[in-house]
Structure formats: C-alpha cells, structure tokens
There are 2 protein chains.
Amino acid sequence: MGKADFSPIADTTRRAEIVALLRRAILTGQLEPGQKLNELRISEQMRVSRAPLREAMRELVQEGILTSIPYAGTFVIDVTAKDIDDAYSFNKVMDEFAIEQTWPLRDQRFFDELDRRHETVKQATRALDTTRQIETALQLHGLIYEWADNSVLLDTWQRLTSRLQMYFALHQHARNEPVPAEDVHETYVQLLKGKDMLAAQRHAREHIGLDFEELIAYARSLEQRTSKGGRADRASPARSGPGGS
Amino acid sequence: MGKADFSPIADTTRRAEIVALLRRAILTGQLEPGQKLNELRISEQMRVSRAPLREAMRELVQEGILTSIPYAGTFVIDVTAKDIDDAYSFNKVMDEFAIEQTWPLRDQRFFDELDRRHETVKQATRALDTTRQIETALQLHGLIYEWADNSVLLDTWQRLTSRLQMYFALHQHARNEPVPAEDVHETYVQLLKGKDMLAAQRHAREHIGLDFEELIAYARSLEQRTSKGGRADRASPARSGPGGS
DNA sequence: TCTTGTTAGATTGTCGGCAATCTGCTTGTC
DNA sequence: GACAAGCAGATTGCCGACAATCTAACAAGA
C-alpha cells in the first residue's frame, strides 16, 4: 500500500486570502496603528465584495491586531508602551515554559530544523531585508513553541507573534537602521543544543529582553509626542469577553 | 462641573448578540462537540440573515471554540484528553504568573471583589445551578487575571476560559452529579488575602489540579469509546497561523 | 459666542439571491 | 456484483442593494 504524507491543500476561499493580505499589510507597517480600514475602498481595490472582507476583518479582530467599534469602523490596534511591556513580561514566562516542555523532546530533527531556521534568518540578514528578518527571527524563536507539543501554548504564541512582529516592524520602520549586528542568535541556538536547560532559559529571557528594552523606549518616546499631538482618543472598546451576564 | 463615570453602552449589533447566543449554547453544552452548525437553519431560528451569523461564527472560530472547514461547514471543536491536559499544564504556569503580578496590587477593593465573587459562587451552589456554578467559579478564579494589569495575560485567560468552561460543562453534563462539595474555594480565597504568595501559588496549582485530574480521566474514557465508535475522523484543520509566507 | 436642532453625506450593518462546491445516490457498463 | 460517470439535492461562499447609524457642516435661538 502506497504511503505518502500529503499536506492539506491551501485554503481556496477569498476570505482566507484577504486575511493573509490584510495581516501582511498590518505586520509590515503598510497599515499604520490607529488607521481606519474603509471597507468600500479596500473591497474595490481587492476586487472583492464586502462580505468576505468583513468576515476576514472579524478574524483579525479576534486575532488581536484589529479593533472594531460598531457603526464607527475597524482600526489597526494602537500600540502603547504598556502593551509592549505586557507582551514582554508575559513572553518571558511563556519562553521559560516552552523551553521546559520542549527540552526532553529535542531530537535530531529538532536540531536540524533549528539550524535551518537559523540559516534562514542569516540569509534575510545578508539580503538586508529587515521585514523578512523580523519574520524569520520570530519563526526561529517559535520552534520551541511548535516542538513543545502543547496546542494551547502554540495557539497563544501564534497570537502573540502577530503583535510582536507588528511592534518590531514598527520599530524598524521608524529608525531605519541598515540591519542589526551580525548574528545575535548564535548563542541561543547553541544553548538549545546543549545540556543546560536553565542556561537556555536564562539566555532566552535576557536576549529577548534586550530587543524589547529598546523597543519599549522607542514606544515611550512616541507616546510623549502623541500625548499632546491629537488622535489619542477613541480608546479601544471593552472586548466582549466570554464572561457575559 | 458634574463628573459622572459612564461606562460605554452595550454593543447593539445583531452580530454581537449572535456571538453571545452561540457562545452560551456551546459553553453550556446545548451544542455538542463535533456538531455541525447549519447556517440556514440557525439563521432562520434566530430570525437573522446569514451575513451577521457568518461573521459571528468567524469570531468564535478565532476564539477557539469553533472550527471551520471551507465548503464543508463550521463545527464545535472536538475535545480530546490531550487538549484538556495541555490547557491544564499551561494554566498552571499562567496561574503562577498571574498571582505574582497581582500580589503587590492587592488592595481593599480587590478583597471586596474577591468576597463578592466568592459569594456568587456559593449562591449558585446553593441554587444547584451547575452551569452557573462553573461560570461563577471561573469568574472567581479570573479575578487574579483581571487584577494583574497585563492586557496580554488577560486576553489569554479569557480565551482559555471559554475552553475551560466548555470542558467542565461537558463533564458535569455527563456525570450528572447534584453539586460538588460545599465550599472548595474557601482556602483559595483566604490564601489570596494572606501574606504567603508561594503558598497561594502552590494551592492554586493543586486545587485546580484536582478538578482537572477528574476531568482528564473522564475525557480519556470518552475517547476509549469513540475510538472504535465512528465519528473520529474530520480532524481539526491546521489553523492558518500568522507565519504564512 | 455658545449651545442646540437639522440635514446631507458617507460608512457600517443587514438582507435576499445567485454561483461554486461538496455529498450521496442513481445509472450504466463490464 | 463491482466500479466509474453523471446527476440532483443541499450547503457554503460570494455578490449587489437597501436600511440603520454616525459624522460634520450649517442654521437658529438664547
């Protein structure tokens, strides 16, 4: 009997493609934080009716990168320094857990995949493609989440990833540095291959920490400007949580 | 000048109400795991067109309690023992973090709210309303997440809550016990009022743990039955994550 | 001048219907 | 009888148009 592992074919609904397009536009900074998404305009640009566009938007709202106010519109989320700080401290705890869960499951395939993703990051770095560099770095970092074999953990990470990518892309866009230092992930990869789990956890905390510190400082400086600058109203509406009456 | 703090008025779109209705139906077990949601039938029952219903469904898909397969339908998620186990171990870590973050922020208002929610649970217990008992118990437990002042943490908890409520409701439905023992939350509340943070964390782990153990055992027994029973196919499709190239 | 009522324009929310796709059955052939 | 092709029914995906709501400009009155 022929056994071939086929991966499921791509979703072929307009909705799915629209989701991908919008997400990419947001995460790369083509759509700026706070910006309103005009349904009619976008649907005409994409040559699509508003129905699938609106469904796509609802998905991205739940994914946490859009926010919707009834009869007012759907907006790209505003990024506050506190949001980044929250994500930062939460990420530290998650990292620790992910490494702990992944640690006993590491095998040759894990190491290979680790190297492969590391190589992809270096490739994007050499190509001076900052957007892709952020994306691949997050994918490298995400391996421990994919390997941990915990669906809830992975789900949470993927949600967080969207926001992180948006934050970092925002940062990069602002201070248009050519590209960060040569290889900041080398130590991380080596530690994940090693025998000292606690060292790996510690490094993950501090390594990620450094990137974040810079990011938060930047966000803070932004808020200084906008606090007197204007469009600071229109607070994010209370997320209609599961805890209803 | 008159200063009155008004909270934002309720969402008055059909979509929001549909979301609430569907979520309630799922979390209370009126809609069983694996069951298909027929759009036409539901829209007629609710006297609503399919557009807002479909948008509501997309939200619940992203919320993690529905799963959608293009051109096939939208289904209530299947609950596997591993899912519960994953949520369990993840919840332990989150609890620890939430207590740590909340600890220095506790004040009189926190204690009052804690007592209020505790009272609500006892009330539901006396009324023999198991569904509401689960709901209120989760709200009691959720206070440390609301108080922790971390938007990402709270968001993650609210997502997890949906699934937890579904799991526990499922359990309760099956073994139709009258109502659990009198007051299992007393110690938890007292520890949160006390001075020993580590003790509170430890208790949260073990207390929640016990409930989970029973739940997982039940789920395992269910899978024993369904593994030969039939509708085990139609695996959950790969969640189109943010990483797509 | 400030506040309040009105109105026109734009945008979101919703509806009913059509097109695309899947599923199961029937039919025909070997 | 087994199997492939084709067909009908049901269901999801998508579209265009209408209704409900918001926003901003303008006018009227205190």
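The values are calculated or read from the model by the stated rules, or taken from the named source; none is laboratory data. Treat the numbers as computed from the prediction; the structure is a model and nothing was measured. We place every Cβ from the backbone using ideal geometry, glycine too, and count neighbours over all the protein chains shown. The area values use the complete protein model at the heavy-atom level, side chains included, leaving out ligands, DNA and RNA. Shrake-Rupley method; radii C 1.70, N 1.55, O 1.52, S 1.80 Å.
Please compute, over every Cα-Cα pair in segment B:14-76, the percentage with a separation greater than 12 angstrom. Spell out each step's value before the answer.
Values: 1276 of 1953 pairs.
Here the long-distance tail beyond 12 Å is 65 percent of all Cα pairs in segment B:14-76.
To the nearest 10 Å², what's A:M166's accessible area with a 1.4 Å probe?
Its heavy atoms expose roughly 10 Å² to the probe.
If you stretched the chain out fully between A:F111 and A:R50, how much longer would it get, using 0.36 nm times the residue separation minus the C-alpha to C-alpha distance? If you can, show how the numbers build up before the last one.
Working: separation 61, 0.36 × 61 = 21.96 nm, distance 4.51 nm.
Extending this stretch completely gives an extra 17.4 nm.
Let me have the relative contact order for segment B:81-229, percent, based on Cα pairs under 8 Å that are six or more residues apart. Walk me through the numbers on the way to the answer.
Values: 100 pairs, mean separation 55.3, N = 149.
Across segment B:81-229, relative contact order equals 37 percent.
If the label for A:T187 sits 7 angstrom from Cα along the Cα-to-Cβ line, what are its distances to the same label in every other copy, in nm to one decimal, shortest first?
4.3
Using amide H atoms built 1.01 Å from N in the peptide plane, name the residues 5+ places from B:L66, or on other chains, whose amide H lies under 5 Å from its own.
HN-HN under 5 Å from B:L66: B:V61, B:I77.
Obtain the nm distance between the two label points defined at A:A25 and A:L128 by a simple spin-label model: each point lies 7 Å from its Cα along the Cα-to-C-beta direction.
2.8 nm
How far is A:E32 from itself in the other copies, in nm, if each label sits 7 Å out from Cα along the Cα-Cβ line, shortest first?
Sorted ascending, the copy-to-copy spacings read 5.4 nm.
Would you mind getting me the FRET efficiency between B:N38 and A:E39? Use the beta-carbon distance for r and R0 = 25 Å, nearest 0.05. Don't skip to the end; give the middle numbers.
Details: r = 27 Å, r/R0 = 1.10.
Between B:N38 and A:E39 the formula returns 0.35.
Just how far, in whole angstrom, is segment B:68-112 from segment A:129-147 if you go by their alpha carbon centroids?
25 Å
Do you know the relative contact order of segment B:17-92, to the nearest whole percent, from alpha carbon pairs under 8 angstrom that are 6+ apart? If you can, show how the numbers build up before the last one.
Values: 60 pairs, mean separation 26.2, N = 76.
Averaging sequence separation for qualifying contacts and normalising by length gives 35 percent for segment B:17-92.
If you place +1 on the Cβ of every Lys and Arg, -1 on the Cβ of every Asp and Glu, and leave all else neutral, what size is the dipole of segment A:104-191 about its Cα centre, to the nearest 20 Debye?
Charge dipole, segment A:104-191, about its Cα centre: 280 debye, nearest 20.
Probe 1.4 Å, all protein chains in place: accessible area of A:W157 in Å², nearest 10?
Roughly 10 Å² of A:W157 is accessible to a 1.4 Å probe.
Give the carbon-plus-sulfur fraction of the accessible surface of segment B:81-229 in %, rounded to a whole number; probe 1.4 Å, heavy atoms of protein chains only.
For segment B:81-229, the apolar C and S fraction of the accessible surface comes to 50 percent.
Report, in whole Å, the centroid distance computed from the Cα atoms of segment A:21-51 and segment A:154-175.
One Cα centre to the other: 18 Å.
Hey, with R₀ at 45 Å, roughly what FRET efficiency would A:A199 and B:A217 work out to, going by the Cβ-Cβ distance, to 0.05? Intermediate values should be presented prior to the final figure.
Working: r = 37 Å, r/R0 = 0.83.
Rounded to the nearest 0.05, the efficiency is 0.75.
In a Debye calculation with equal point scatterers on the alpha-carbon sites of segment B:81-229 and no solvent, what is log10 I(q)/I(0) at q = 0.13, 0.21 Å⁻¹?
The Cα Debye sum returns log10 ratios of -0.59, -1.47.
Taking all protein chains together and a probe of 1.4 Å, list B:S49, A:S43 from the most accessible to the least accessible.
Numbers: B:S49 70, A:S43 10 Å².
The ordering from most to least exposed comes out as B:S49, A:S43.
Determine which chain B residue has its Cβ at minimum distance from the rotation axis mapping B onto A, giving the value in whole Å.
B:Q62, 2
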